[in-house]
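Novice: Quick one: this structure, given as structure tokens, is what I'll be asking you about.
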Amino acid sequence: MSAPQARNHEIDVKAATALTERHRRQVTVQGTRPAGDGDLGGMFSREAVLTLLEQKNARFLRFYYGRNEKGGREVVLVAADAAGNDLTGDEAL
């Protein structure tokens, strides 16, 4: 795997709104069913994000989609080093 390249992730509110509206329409089948927990996104506390970024060699954050025991969607956040390798030692994810 090649090292990830830093990029500008900034977008304006109009572009962000368009992205999330398209996703919401797909997840809810054009509004015909309600979105379940985790279907539209997730949230992490400042403390959780800083804990990951404060790990030695942390340069990036990566997210993974997962499923909990009941089948609900979850987002897992993990720090990665400059080469793009996940930092998954004894740290809590």
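Novice: If the Cβ limit is 8 Å and pairs must be 6+ apart or interchain, which residue in region 10-22 that is among the aliphatic types (A, V, I, L, M) pairs with which residue that is surrounded by 10 or more Cβ atoms within 10 Å (Cβ to Cβ) and assigned to a helix (DSSP H, G or I)?
Specialist: Listed pairs, sorted by first residue: ILE11/LEU19.
Novice: Going through region 48-89 one residue at a time, which ones are part of a strand (DSSP E or B), in contact with a Gly (Cβ under 6 Å, 6 or more places away or on another chain) and either open to solvent by less than 40 Å² (accessible area, probe 1.4 Å) or among the hydrophobic types (A, V, I, L, M, F, W, C) (or both)?
Specialist: Filtering region 48-89 down to residues part of a strand (DSSP E or B) leaves 60-67, 73-80, 86.
Subset that is in contact with a Gly (Cβ under 6 Å, 6 or more places away or on another chain): 73-76.
Passing the criteria: VAL75, VAL76.
Novice: Then there is this: Being within 19 Å of the chain's Cα centre (by Cα) and open to solvent by 100 Å² or more (accessible area, probe 1.4 Å) is the filter; apply it to region 12-40 and report the residue that is farthest from GLU69 (Cα to Cα).
Specialist: Filtering first and then ranking leaves VAL13.
The values are calculated or read from the model by the stated rules, or taken from the named source; none is laboratory data. Bear in mind the structure is a predicted one, so any value in this text is a computation, not a measurement. Heads up, the Cβs are rebuilt from the backbone with ideal geometry, glycines too, and the neighbour counts pull from every protein chain shown. These area figures cover heavy atoms from the full protein model, side chains too; ligands, DNA and RNA do not enter into them. Shrake-Rupley method; radii C 1.70, N 1.55, O 1.52, S 1.80 Å.
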